[in-house]
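Engineer: The structure under discussion is supplied below as C-alpha cells; questions concerning it will follow.
Coordinate-derived values only; no laboratory data. Quantities reported herein were computed from a predicted structural model and do not represent experimental measurements. All Cβ positions, even for glycine, are placed from backbone atoms using ideal geometry, and neighbour counts span all protein chains on display.
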Protein chains: 2
Amino acid sequence: MKLATYKDGSRDGQLMVVSRDLGTAHFATGIASRLQQVLDDWNFLSPQLEDLSHTLNQGKARHAFAFDPRQCAAPLPRAYQWADGSAYINHVELVRAARKAEVPASFYEDPLMYQGGSDDFLGPCDPAPFADPAWGIDFEAEIAVVTGDVANGCTPVQALEGIRLVMLANDWSLRHLIPAELAKGFGFFQSKPATAFSPVAVTLDELGTAWQGGRLHLPLQSSWNGQRVGQCNAGPEMTFHFGQLIAHLAKTRNVRAGSIIGSGTVSNKDWTHGYSCIAEKRCIETIESGAAATAFMQYGDTIRIEMTSSDGASIFGAIDQTVVPAAKT
Amino acid sequence: MKLATYKDGSRDGQLMVVSRDLGTAHFATGIASRLQQVLDDWNFLSPQLEDLSHTLNQGKARHAFAFDPRQCAAPLPRAYQWADGSAYINHVELVRAARKAEVPASFYEDPLMYQGGSDDFLGPCDPAPFADPAWGIDFEAEIAVVTGDVANGCTPVQALEGIRLVMLANDWSLRHLIPAELAKGFGFFQSKPATAFSPVAVTLDELGTAWQGGRLHLPLQSSWNGQRVGQCNAGPEMTFHFGQLIAHLAKTRNVRAGSIIGSGTVSNKDWTHGYSCIAEKRCIETIESGAAATAFMQYGDTIRIEMTSSDGASIFGAIDQTVVPAAKT
C-alpha cells in the first residue's frame, strides 16, 4: 500500500491511503489519523489500511478524491529519529579522490552514518528556505526506510525484518558549512538543515522484485532546473544494504518504531549515469580538470527527485522543491 | 510547576504534575495525557496544569498519591530532537590538555554540538544496558532544557524565550568507541547510546534566582557507587548559555516544540569540585601523572545525579541507574 500525509494545520497532518497509480486518495479516518500511530501499532492497524488500499485500488472507495502531492507534508512530518548513512561508497571515493585522499580500508566494512534533526521535515513540494545562498546549497537524492521496533544488538538480517515503509529523501546540505563543522570533530550539524521526503511512503510489496536484499534496484532520477542530471541505479552499488545500516545503528541501543534511515547520496561508478548531488559533479570536474566549474544552487533553482518502476509509473511521487530565501525573524 | 511521566505500558507514558517537594503527584488526566501534547499546545494547556500544580502544592488535590520516581519514564520518553552541546569549555580544555593538543580559538566563540538519538530515552531509575563493558562505559551529568517552537535564524535572546522546561540528563557515553568514530569524520553515533533524564522536568519559575542569563547557578551532584565524585556548579563556567546553544541549532532550520537541548558535561576549573564524567577524571590523572588510573564503569556500578536548591531540597529528583549487561537478541 501507499501512504501519505496531507497538511491540515496540525503538527502531524492527516494520514491517507493513496492508490497505486497515485491518482486517488482516501483519508484513513476511522483507522488512524497519524502515520506514527500506525507505526506504533503496526500489526493491528496496517491490515485495516491494506483493506482500504485494496478497495481504493479497485476504484470502489466511496469517499476517494484526486490525490494532490502539493497538499502533502512529509509522510512523517516529524519523527523520533532520522539517521542517514553514506552507503554508496562510490560517493565517498569521489569526494576523497577530488581532494587526493585515500578511502580508509575500514570504510568498506563499517558504514558511515550521521544523526540528523527530525523535528521539522519539509513536504515534497515545500520551498526550501535558506538565509544565505553563499552556504553552498546542494540537494542529495536518497532512498529512505521507516522502521518498526528493532532490538539493540540485532543482526543485519533481523534488521531487514523491521523495515515497514520506503520513501525518497532530499537531504539538503550546506556544502560550504561542512569543512569547518567537520573540523570541529562533532560531525554535521548546521550543515544539514531540514530534510524533505517524497509525497508517498510505500510498503515493500509495492516494489515487487525491485526490492532485493535490502536494496532498491531502480534508477533514481534527479532533475535540476528542469534538466535531468542524475539517473543512478540505487541497487547494485549500495555497499551497505538497509539491514546493515539499521544494525549499525542498533549496535549500542534500541531502534524504535518510526525511525527513518537514509541511504546517503545514490551514486554509480559509471559517470554517464549522472549525479544525485552537485558536490559529486564538482568532484568529477576537479578530478578531470583540476577545479570545480559547476556552482551550487541559487534562489529560484528547482530540484525534482523521482523514481519510476519498469513500466514508467512514478512509485513515490516526486520531490519537487524550489530554493527560496529564509523568512527574516 | 513540576511535571513527570509515569510508565503505563504505552510508548509515551502518562503525564502528571508533581508537588514542589516531590512528595505527591496527580495525573494530568482531563488536561493532557502526554507531555509532548502540552509542548505542542503550551499556551492553552500549561495554565491548566499550573492550576493543578497550585492545588497539589496546597495539599488540596483530591486524587493525589505518593510520588515514586522508580515508576517514571523520562519526562519525554521519546522526543523529536535531542541536540547536546559541550558548553563548558573547561571540559574541552581538559580533554585537549590530556592529549597535549591546543583548544582552537574558535571553540570560545562557536559552540560544539552534536545531534543525538531521541527515539528511546531511559527513565531516571532504569538500568543502563550495554553489550560489552570493554566499550568504556561512562556517565555524563548535564543540564537539559525542553523548548517550544523557535524560529530559524533566531537570536540567543529570542531563543531563551523558547525554553519551557529544565531537567537533568545522563548522557551515557562509550569512550572506547569514540576515537574510531570521530576519526571517520561524521561525529558520534554508536558511542552515544540512549540518554536518561531526571524524574521531573520543571518550569523556570521553580528555579528562582538560580536561573540567570540562560544558566542554572547551582552545583550538580554526581555519586558513583555511592561516593560523591562531582559537585560542579552548572552556572558561572557555562561558556555558552542555553539561548546561545538553541540559536546555534536554529541557524539553518526551525527548532520545533519538544526539542531537548543539553549543556554537555558540567565542568569547573577548580578540580576540588570533582567531575561529572569519568573521562575528565582520567584526563586530570593523565595531566598530573602521565597516565589515567581510574577505570570506566563495570556491570553493577551505580551512578546517581541530583541537584538541590540552596535549602537542600531535591529539585528534579535523582537519576539513579545501574550498569547492566544488554539482553541477548
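Engineer: Using the charge dipole of the range A:117-229 (Lys, Arg: +1 at Cβ; Asp, Glu: -1 at Cβ; taken about the Cα centre), state which of A:Thr147, A:Pro129, A:Ala210 has its Cα farthest towards the positive end.
Structural biologist: A:Ala210
Engineer: Please rank B:Met16, A:Met297, fewest neighbouring Cβ atoms within 10 Å first, as an exposure proxy.
Structural biologist: A:Met297, B:Met16
Engineer: Taking Cα atoms, how many degrees apart are the long axis of helix A:278-289 and the longest axis of chain A, rounded to 10 and kept between 0 and 90?
Structural biologist: Tilt relative to chain A: about 30 degrees.
Engineer: On to the next question. Using all Cα-Cα distances in the range A:1-128, what percent lands in each 5 angstrom bin from 0 up to the longest?
Structural biologist: 2, 10, 16, 16, 14, 11, 9, 8, 7, 5, 2, 1, 0
Engineer: Work out the FRET efficiency for B:His176 and B:Thr155 from their Cβ-Cβ distance, taking R0 = 51 Å, and round it to the nearest 0.05.
Structural biologist: 0.80
Engineer: For helix B:89-98, report the angle its Cα long axis makes with the longest principal axis of the Cα atoms of chain B; keep it between 0 and 90° and round to the nearest 10°.
Structural biologist: Long axis of B:89-98 versus the principal axis of chain B: about 30 degrees.
Engineer: If you don't mind, another one. Name the shape class, rounded, prolate or oblate, that the alpha-carbon gyration tensor gives for the range A:168-300, where a ≥ b ≥ c are the square roots of its eigenvalues, rounded holds for a/c under 1.5, and otherwise prolate holds if a/b is larger than b/c and oblate otherwise.
Structural biologist: oblate
Engineer: Got the B:Ala134 label distances to the other copies yet, label 7 Å along Cα→Cβ, in nm, shortest first?
Structural biologist: Label point to label point, same position, other copies: 5.0 nm.
Engineer: Using only the Cα atoms of the protein assembly as shown, build the gyration tensor, take square roots of its eigenvalues as a ≥ b ≥ c, and label the shape rounded, prolate or oblate: rounded if a/c is under 1.5, else prolate if a/b is larger than b/c, else oblate.
Structural biologist: Verdict is oblate for the protein assembly as shown.
Engineer: Give the cross-link partners of B:Lys7 among the aspartates and glutamates, using a straight C-alpha distance below 20 Å as the criterion and excluding same-chain residues fewer than 8 apart.
Structural biologist: Hits, sequence-local ones excluded: A:Asp40, A:Asp41, A:Asp149, B:Asp68, B:Asp119, B:Asp120, B:Asp126, B:Asp320.
Engineer: Enumerate the calculated ³J(HN,Hα) couplings along the range B:246-252 in order (Karplus 6.51 cos²θ - 1.76 cosθ + 1.60, θ = phi - 60°), each rounded to whole Hz, writing x wherever the residue is Gly or Pro.
Structural biologist: Values per residue, Gly and Pro as x: 5, 5, 4, 5, 8, 4, 10 Hz.
Engineer: Name the long-range amide H neighbours of A:Leu165: under 5 Å, sequence gap of 5 or more, or other chain; modelled H, no Pro or chain starts.
Structural biologist: Long-range HN contacts for A:Leu165: A:Val146.
Engineer: Quick one: if you stick a label point 7 Å off each Cα along the C-beta vector at A:Glu109 and B:Ala66, how many nm between them?
Structural biologist: 5.5 nm
Engineer: Please give the average number of partner chain Cβ atoms lying within 10 Å of the Cβ of each residue in B:180-186, rounded to a whole number.
Structural biologist: So the per-residue partner count for this stretch is 6.
Engineer: Enumerate the calculated ³J(HN,Hα) couplings along the range B:112-121 in order (Karplus 6.51 cos²θ - 1.76 cosθ + 1.60, θ = phi - 60°), each rounded to whole Hz, writing x wherever the residue is Gly or Pro.
Structural biologist: 7, 9, 10, 8, x, x, 10, 8, 7, 7
Engineer: If you don't mind, there's one more thing I want to ask. Could you give the length gained by full extension between A:Thr209 and A:Thr29, i.e. 0.36 nm per residue of separation minus their alpha carbon distance, to one decimal place?
Structural biologist: Roughly 61.6 nm would be gained on extension.
Engineer: Still on this structure: For A:246-259, what's the mean count of beta carbons from other chains sitting within 10 Å of each residue's beta carbon?
Structural biologist: Shielding by partners across A:246-259 averages 5.
Engineer: Can you compute the charge dipole magnitude of chain A about its Cα centre, using +1 on each Lys and Arg Cβ and -1 on each Asp and Glu Cβ, nothing else charged? Give it in debye, rounded to the nearest 20.
Structural biologist: The dipole magnitude comes to about 340 debye.
Engineer: Another question about this same structure. Considering chain B as a Gaussian network with a 10 Å cut-off on Cα pairs, which listed residue, B:Ser222, B:Ser314, B:Ser86, attains the greatest mean-square fluctuation?
Structural biologist: B:Ser314
Engineer: Just check the range B:10-78 against the gyration tensor rule for me: Cα atoms, a ≥ b ≥ c as the square roots of the eigenvalues, rounded for a/c under 1.5, and otherwise prolate or oblate depending on whether a/b exceeds b/c.
Structural biologist: Here the range B:10-78 falls in the oblate category.
Engineer: Still on this structure, I have one more. Using a 10 Å cut-off around each Cβ of peptide A:76-84, what is the average number of partner chain Cβ atoms that fall inside?
Structural biologist: Per residue, the average neighbour count from other chains is 5.
Engineer: May I ask you to compute the full-extension gain from A:Glu102 to A:His54, defined as 0.36 nm times their residue separation minus their alpha-carbon distance, rounded to one decimal in nm?
Structural biologist: Here the answer is 12.2 nm.
Engineer: Normalised by the residues of the range B:43-152, what does the relative contact order come to in percent, with Cα pairs under 8 Å and at least six apart?
Structural biologist: 31 percent
Engineer: Mind telling me which of B:Asp120, B:Asp149, B:Asp110 comes out most flexible in a GNM of chain B, alpha-carbon contacts under 10 Å?
Structural biologist: Result for chain B, Cα springs under 10 Å: B:Asp110 fluctuates most.
Engineer: Under the Karplus relation 6.51 cos²θ - 1.76 cosθ + 1.60, θ = phi - 60°, what is the ordered set of whole-Hz ³J(HN,Hα) values for the range B:133-141, x standing for Gly and Pro?
Structural biologist: In residue order, the calculated couplings are x, 6, 6, x, 6, 9, 8, 9, 8 Hz.
Engineer: Another question about this same structure. Take chain B, connect every pair of alpha-carbon atoms lying under 10 Å apart with a spring to form a Gaussian network, then pick out the residue of B:Phe197, B:Phe189, B:Phe139 with the largest mean-square fluctuation.
Structural biologist: Checking each option, the largest mean-square fluctuation is seen for B:Phe189.
Engineer: Can you list the copy-to-copy distances for B:Thr272, using a point 7 angstrom from Cα toward Cβ, in nanometres, shortest first?
Structural biologist: Ordered by increasing distance: 7.6 nm.
Engineer: Here's a follow-up. Can you sort A:Lys184, A:Lys269 from fewest to most other Cβ atoms within 10 Å of each residue's own Cβ?
Structural biologist: A:Lys269, A:Lys184
Engineer: Express the relative contact order of the range B:110-224 as a whole percentage, based on alpha carbon pairs under 8 Å and six or more residues apart in sequence.
Structural biologist: 29 percent
Engineer: Tell me the distances, shortest first, between A:Glu93 and the same position across the other copies, using label points 7 Å along Cα→Cβ, in nm to one decimal.
Structural biologist: A:Glu93 label point versus its equivalents elsewhere: 4.7 nm.
Engineer: Moving to a separate point now. Point me to the residue of chain A whose C-beta lies closest to the A-onto-B rotation axis, rounding the distance to whole angstrom.
Structural biologist: A:Gly187, 1
Engineer: Under 37 °C and 0.692 mPa s, how fast does the range A:144-231 diffuse according to Stokes-Einstein, given a Kirkwood radius computed over C-alpha pairs? Answer in µm²/s, whole number.
Structural biologist: In µm²/s, the coefficient is 207.
Engineer: Would you mind calculating the relative contact order of chain B from Cα pairs under 8 angstrom and at least 6 residues apart, reporting the percent as a whole number?
Structural biologist: Computed over chain B, the figure is 23 percent.
Engineer: Please go through the residue pairs B:Lys2/B:Lys60; A:Lys2/A:Lys281; A:Lys2/A:Lys251; A:Lys281/A:Lys328 and name each one whose alpha carbons sit more than 21 Å apart in this structure.
Structural biologist: Pairs exceeding 21 Å: A:Lys2/A:Lys281; A:Lys2/A:Lys251; A:Lys281/A:Lys328.
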